[in-house]
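The structure appears below as structure tokens.
The values are calculated or read from the model by the stated rules, or taken from the named source; none is laboratory data. Values in this document were obtained by computation on a predicted structure and should not be read as measured data. With ideal geometry, Cβ positions are generated from the backbone for all residues, glycine too; neighbour counts draw on all protein chains shown. Areas reflect the complete protein model, heavy atoms only, side chains present, ligands, DNA and RNA absent. Shrake-Rupley method; radii C 1.70, N 1.55, O 1.52, S 1.80 Å.
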Amino acid sequence: MKPERKPNSITITLAGKIAVVTGGSRGIGRAIALKFAEAGADVCIIYKNSDPDAKSVVQEIEAYGVRALAIKCDASSAEQAGHAVEKIVGKFEKIDILVNNVAITENIPFLALESESWQKAVSVNINSFYNFTHPVVHHMKDRRYGRILNIGSICGIRPIAAVPVHYATTKGAVNAFTFTLAREVARYNILVNSIAPGLIETDFAAGLPEVRMKDFEKFCPLARPGQPSEIANFAVFMVSDLNTYMTGETVIISGGL
Amino acid sequence: MDRNEIIDGVKECLLECVRAEADSITLKSRIIDDLGADSLDLLDIIFTLERKFKIKIKQGEIVKMAQDGIPPEEFQKNDRLLAKGAERLREVLSEVNTDEITEGMSTAKIPYLFNVETFVKIVERNLGKTA
């Protein structure tokens with residue numbers, strides 16, 4: 001007997017899920033927050049600076065008919081992150097999905113890098129992972145369910161021309177955080193994965209000189225930077241219930257770099 | 001809740017957290033050496049006990065109790081138990097064979113002393129606090 005073809009039988013839904021996206025007001029975080037909302041999740045974004053950007057994302061999320069919340073918070077502060085998590089659980093009663101996305105970079109070569117810039121990158125790009133993941137994992141453990149997605153970078157996996165050392169170092173840490181935490185919390189049905197994007201058209205990429213962008217297009221097999229939505233599309237699968245067996249993995253989405 | 005109910009509850013928790021057969025778990029089974037628990041399992045056992053018995057167990061409760069009442073410098077030096085520390089630990093872990101707790105033993109080895117009864121006593125103590 002021939003198997004029946006069902007062209008739309010595989011769908012990805014996040015209906016009923018509560019998702020938290022750090023650095024969710026701009027760039028990749030914003031795209032992920034909106035894609036999650038489109039897939040049916042209620043979404044809370046964590047942002048630090050831009051109230052208008054956060055407000056705009058909240059409106060776009062709510063336009064999908066799901067609930068939205070924006071919390072202004074310095075993710076590098078454990079205290080502020082802890083309060084934010086309490087507030088989210090207070091409002092939504094649970095957290096199913098955490099996306100650790102927040103990151104900063106300053107385009108400074110290592111030889112010119114001051115200690116302050118190094119510490120700032122570590123503080124935001126690495127400490128924020130602990131600050132949010134620790135309270136959220138405790139919450140997920142009690143519910144025996146969770147999906148954590150960390151946003152790293154291809155520069156944390158292999159050398160990419162002219163990427164700042166301090167930024168690449170923090171992104172390399174994301175991989176170790178991902179595969180080690182995944183082993184520790186697997187027993188609680190919490191899956192931890194990571195996406196390592198290549199160059200994506202965000203504010204960071206917009207700041208690159210034209211000559212650098214032309215070089216990039218020459219050596220990137222797909223000959224263009226990626227769009228934030230191309231990261232978000234895969235992110236939805238990784239945190240959905242279609243993914244039940246992949247954990248501790250880093251997936252590179254980089255146009256073939 | 002009587003002691004037998006606590007013992008049964010602790011055994012149920014252990015079965016959730018370690019790969020052991022129910023018949024093989026006795027009050028004197030050592031958690032690490034006999035039941036094969038690792039450090040993650042130990043933490044998981046604590047979480048599971050907290051959920052089942054609706055109690056809150058302090059991290060490092062046993063060592064804190066043993067250190068209670070004696071100056072820290074008399075408990076251990078360079079991560080090795082001193083005579084007074086060993087004596088206090090024998091009092092706190094009265095369910096453990098006293099020969100196993102010796103002056104000079106590594107403090108990192110303290111969790112290796114824990115047996116099923118150790119956790120029964122932890123639950124009893126904490127139920128007493130919440131009652």
Per-pair calculated FRET efficiency, R0 = 30 Å: residue A:242 and residue B:54 via Cβ, rounded to 0.05: 0.25
Estimated dipole of the stretch A:149-231 in Debye, rounded to 20 [Cβ of Lys and Arg +1, of Asp and Glu -1, Cα centre]: 280 debye
Most positive-pole-ward Cα, A:77, A:178, A:37, against dipole of the protein assembly as shown from beta carbon charges: A:37
Cα-based helix-to-principal-axis angle, B:116-130 vs chain B, degrees rounded to 10: 80 degrees
Neighbour net charge for residue A:120 - beta-carbon separation under 13 angstrom, K R +1, D E -1: -3
Percent of C-alpha pairs per 10 Å bin, chain A, short to long: 7, 31, 37, 19, 5, 1, 0
Alpha-carbon centroid distance for the pair the stretch A:70-128 / the stretch A:142-175, whole angstrom: 13 Å
Residue A:214 - accessible surface, heavy atoms, 1.4 Å probe, Å² rounded to 10: 110 Å²
Kirkwood Rh, angstrom, chain B [1 / mean 1/r, Cα pairs]: 15.2 Å
Coil-residue GluC sites (Glu not before Pro) of the stretch A:1-63, DSSP, other Cβ within 10 Å capped at 16: A:4
Full-stretch length increase - residue A:208, residue A:161 - with 0.36 nm per residue and alpha-carbon distance subtracted: 15.7 nm
Computed [θ] at 222 nm, helices only, for chain A once each DSSP H run of length n ≥ 4 contributes -39500 (n - 2.57): -13500 deg cm²/dmol
Unsatisfied cross-links (Cα-Cα over 30 Å) in the set A:87/B:58; A:171/B:54; A:35/A:94; A:141/B:109; A:94/B:58: A:171/B:54
Residues whose placed amide H lies under 5 Å from that of residue A:192, excluding near-sequence neighbours: A:148, A:248
Relative contact order of chain A, pairs being alpha-carbon contacts under 8 Å that are 6 or more residues apart, as %: 20 percent
GNM result for chain A, Cα springs below 10 Å: residue of A:125, A:193, A:233 fluctuating most strongly: A:233
About the Cα centre, charge dipole magnitude for the stretch A:18-253 (Lys/Arg +1, Asp/Glu -1 at Cβ), debye: 420 debye
Choice from A:188, A:245, A:47 showing the highest fluctuation, given a GNM over chain A with Cα pairs closer than 10 Å: A:245
Residues in the stretch A:172-219 that, when all protein chains are in place, have 30 Å² or more less accessible area than the chain alone would give (probe 1.4 Å): A:184, A:187, A:188
Difference of contour (0.36 nm per residue) and Cα-Cα distance, residue A:229 to residue A:63: 58.0 nm
Distance (nanometres) between label positions extended 7 Å along Cα→Cβ at residue A:86 and residue B:22: 4.2 nm
